[in-house]
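The values are calculated or read from the model by the stated rules, or taken from the named source; none is laboratory data. What you see is a predicted model, and the numbers here were worked out from it, not measured in a lab. As a convention, Cβ positions derive from the backbone with ideal geometry for all residues, glycine included, and neighbour counts pool all protein chains shown.
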Protein chains: 2
Amino acid sequence: MALTPYQQLEQEFRRLHAFRGALSLLRWDAAVMMPRGSAEVRGEQLAALETEHHALLTTPKVARLLERAEAGASQLDDWARANLREMRRQRDHAIATPPSLVARLAKATARAEVFWVEARKAGDFKVFAPYLTEVVHLVRDKAALVGQARGLAPYDALVDAFTPGITTADIETIFKSLSRKLPGLIHQAIELQSTQPPLPIEGKFTVGRQRQLIVDVLKAMGFPFERGRLDESEHPFTEGVPGDIRITTRIDVADPFTGLLGAVHETGHALYDLGLPQPWLDQPVGQDRGLALEESQSLLFEMNLCRGRAFVKYLRPLLEKHLQVMGPEWQDENLYRHLIRVRRAPIRMDADELTYPVHIMARYDLEKRILDGALAVADLPAAWNEALDQRLGLRPGSDVDGCLQDIHWAVGHFGYFPSYALGAVIAGQLYEALRGERPALDEEIAAGQFAGVLEWLRDHVHGVGARLPLKELIQHATGKPLSAAAYLRCLEAKYLEAS
Amino acid sequence: MALTPYQQLEQEFRRLHAFRGALSLLRWDAAVMMPRGSAEVRGEQLAALETEHHALLTTPKVARLLERAEAGASQLDDWARANLREMRRQRDHAIATPPSLVARLAKATARAEVFWVEARKAGDFKVFAPYLTEVVHLVRDKAALVGQARGLAPYDALVDAFTPGITTADIETIFKSLSRKLPGLIHQAIELQSTQPPLPIEGKFTVGRQRQLIVDVLKAMGFPFERGRLDESEHPFTEGVPGDIRITTRIDVADPFTGLLGAVHETGHALYDLGLPQPWLDQPVGQDRGLALEESQSLLFEMNLCRGRAFVKYLRPLLEKHLQVMGPEWQDENLYRHLIRVRRAPIRMDADELTYPVHIMARYDLEKRILDGALAVADLPAAWNEALDQRLGLRPGSDVDGCLQDIHWAVGHFGYFPSYALGAVIAGQLYEALRGERPALDEEIAAGQFAGVLEWLRDHVHGVGARLPLKELIQHATGKPLSAAAYLRCLEAKYLEAS
């Protein structure tokens, strides 16, 4: 029997899914296994597969099949209809950027990445500025083209590529709430913590022992080592596909928490990917619902579940077992104080739960001004330092710790940063709902039992895949519209607790 | 300026090269890094990329460009003309097998591989027989179609896919020489060695120490660890591309030679790939000249260079340093006797230099009879045991050690085995020429200096790529036509030496 247009599309997108899985493995290998001298060869392989993926997604055949399938969409069930909608979204996004612009962006970002590294070595933003300027011009072109095709404002078009379903208006509303509350909260938390600073934790904790500790915790959380790997890399990340999921962490022998919490964060991503709807894993509707929700899953595990007293109860005996530590600094309350320590500091990656969103909001302002031309690239260092000063009351000692600290803009990722903070907000909203439905949550976590949490997440978030638009998904999962209220309530309860 | 048809072809094949590099990495990862439960996902990725590679190679566009470029071939230089010839070969091979047959073969071999594993577990060939039969039928169809397209007899068409430029007539001539000499040589060598059996080597040699030893040796040979990796896997292999070459070995803690010689063997492959003509690395003419020549490079290193007295002189101090061994069994002459020990045994993979080609010749006879229908698959076990008895004077204790020992036929690799023995023959011919031109070869090797060998190989073999047909390449490298004479002279000198 001949396949329907919709069924033919499923075949095409199954192939695209396999391509993305292969691309993901090539990236994982480049970060974890590849010899240092092999970057050029790998770059050519990635470019060839990405170009082919783009070509397969934008063939006239796919366009024709989409039109014919959409004409018969009323025959399809909910899942298939949502799948068709996501196919359309992927294809329209891809075709809006002509291959010539894709190629120019690829070259410009590759160049900018090199000179970002050079500028960091030289401690001189001017080395990077002309290449960032070139990237900004091309990103503007892309934003305009995708915006036109998708009926979105240019900045919204960029956000849509990372977190579809969220607009500038949503971001502004949420960031306004955060800006109102966070500065005071940070101030109060630091005051409160200064009255009872934690005893310092010192020692040398070998990679081997830390790894055993991490594996124990990840197994308890449900990370499937028979269909996944844990490795080390400079920055923690998650790659792979459900069925072969690969996470990394960075282990610091002087600090037993960096490696563990990095791995837990990535496990949040991995468990989300593993919980996606099984029958749709190789289809667009079976993918994650964008970057902000991905980040909510990692932050829920790292911040809400693990940087808490219940987790410390579970963790302490494991620290004793694997790291053979003892003494007053390893008691529950002292460990907890370490995990929730708030500090004003210039580096986003190292920021604590409270100051992190402030870094993000500063970047959001800056990248919008750069894109609309209000801020010249040459003036970025001064504007960056000014923004940090206003929002956090600190000035980075150098551009390396300032506007050169992250690679995102060099590789063309504008419209990306907001999703980090949105992820934290969504994590807070999900956590409040989860607590409401599982009154014994703290006891479960203290006992190292994460099965209940995972079941709830699978029912309410993971198993939905991309069937619902993001805001509907959050309403469906929590019974409330997306807002910063629950998140801020969680933070206040945690950081203003009278201890 | 518009690209010529030939230049457009170069672009197309550059992309195909990147695809093959990606495929190679996916296979490497599957054997070395992939979690056990992820085979299905990886299978889908490999299939998607292979299918696309096949599709890109067989588009009407490539066919048109080939015709136009061939019409203007007189304008091209030697390299480009040879490149065009190899492009044509690749395309004609690919298009001769219709996608439906490719898909049926992929499914049948995937199934046969599963039941080959099952049959080995059960020790029962009958579990495997029906699936092998299915593969045989499909391979016959493929041989007929490719043979028609390439103007070759069916079996020659299969050989041509692995080692182009070699026909059944070549194989028969060489195997006749080997059959005449080897049985007597084996008999005499075993007699001679029985008068002075080596002292046994015993102990436990940790993986870490063996690895350091192996890395030292490989560095001396020129393996580039900054653009390559050495890992462990069940069977040693080489994957990757020049610029990111990946070899593996299997380390046995009870035996310091298995891991080392496996790694040296693969280093022979790696050095060949790394020495291919630099400006043509991403083009067909810049690829290796087929499986037999590949195998000659690995065997030249393993058998001719390393299983010899000069290498033992270099190796002994390294064994002492890394494995901290001493005693009479670690003296040069005793180590040498271990390295050239001849034994009649059923397993090809473990066979010594003298009996190895005999295993191959038995398989060659069997696979030809299976393909032309003279031998039914059901009768293979008896025919296998009969062949081993006739040629080596032994009968495997079970089919697991007999006709179930290798995976090649299960995955459809008929016409593959002869290249192993041809590789040994070519290695002998190259080694004789190399010795003739480098009288101080033994001193170099005893000093751990491999640069001269590598330079000779680059000039005479590696740097030629696929510019010349195989037999011309061998004539060019050694000044003599391909024959078994030099190989047999080397074996006689080594194994009949009065010691």
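Of all the listed residues (B:R81, B:R91, B:R36, B:R111), the sole one being surrounded by 19 or more Cβ atoms within 10 Å (Cβ to Cβ) and touching a helix residue (DSSP H, G or I) at 6+ places or on another chain (Cβ under 7 Å) is B:R91. Just one of the listed residues (B:L305, B:L260, B:L315, B:L293) is under 16 Å from B:R458 (Cβ atoms), at pLDDT 95 or above, out of contact with any Gly (no Cβ under 8 Å at 6 or more places or on another chain) and not assigned by TED's automatic domain parsing to the domain that holds B:L25, and it is B:L305. Just one of the listed residues (B:E497, B:E443) is of a type in the set (D, E) and either more than 30 Å from B:I190 (Cα to Cα) or free of Cβ contacts under 8 Å to residues at least 60 places away in the same chain (or both), namely B:E497.
The residues on offer are A:T206, A:T249, and the sole one that is closer than 29 Å to A:L491 by Cβ and either of a type in the set (V, I, T) or in contact with a helix residue (DSSP H, G or I) (Cβ under 8 Å, 6 or more places away or on another chain) (or both) is A:T249.
Examine the stretch B:30-46 for a residue that is closer than 30 Å to B:W79 by Cβ and free of Cβ contacts under 8 Å to residues at least 12 places away in the same chain, and state whether such a residue exists. No, the conditions are met nowhere in the stretch B:30-46.
When restricted to residues that are touching a Pro at 6+ places or on another chain (Cβ under 9 Å) and not in a helix (DSSP H, G or I), the stretch A:89-118 contains 0.
State whether the residues of the stretch A:401-414 include one that is touching a residue at least 60 places away in the same chain (Cβ under 8 Å), β-branched (V, I, T), under 30 Å from A:D141 (Cβ atoms) and touching a Phe, Trp or Tyr at 6+ places or on another chain (Cβ under 8 Å). Checked the stretch A:401-414: at least one residue is touching a residue at least 60 places away in the same chain (Cβ under 8 Å), β-branched (V, I, T), under 30 Å from A:D141 (Cβ atoms) and touching a Phe, Trp or Tyr at 6+ places or on another chain (Cβ under 8 Å).
Scan the stretch A:229-244 residue by residue and report those that are at negative phi, among the small types (G, A, S) and within 13 Å of another protein chain (Cβ to nearest Cβ). Write out each step before concluding.
Here is the first cut: in the stretch A:229-244, the residues at negative phi are A:229-239, A:241-242, A:244.
Now drop any that are not among the small types (G, A, S), which leaves A:233.
Answer for the stretch A:229-244, where residues must be at negative phi, among the small types (G, A, S) and within 13 Å of another protein chain (Cβ to nearest Cβ): there is none.
A single entry from A:R229, A:R250, A:R211, A:R246 fulfils the requirement of being among the basic types (K, R) and buried (at least 21 other Cβ atoms within 10 Å of the Cβ): A:R246. Considering B:F175, B:F162, B:F115, B:F125, the condition of being of a type in the set (F, W, Y), outside the structural domain of B:P256 (by TED's automatic domain parsing), out of contact with any strand residue (DSSP E or B) (no Cβ under 6 Å at 6 or more places or on another chain) and modelled with pLDDT of 95 or more is satisfied by B:F125 alone. Summed over the stretch B:2-49, the residues that are in contact with a strand residue (DSSP E or B) (Cβ under 8 Å, 6 or more places away or on another chain), small (G, A, S), closer than 27 Å to A:F223 by Cβ and more than 7 Å from every other protein chain (Cβ to nearest Cβ) give a count of 1.
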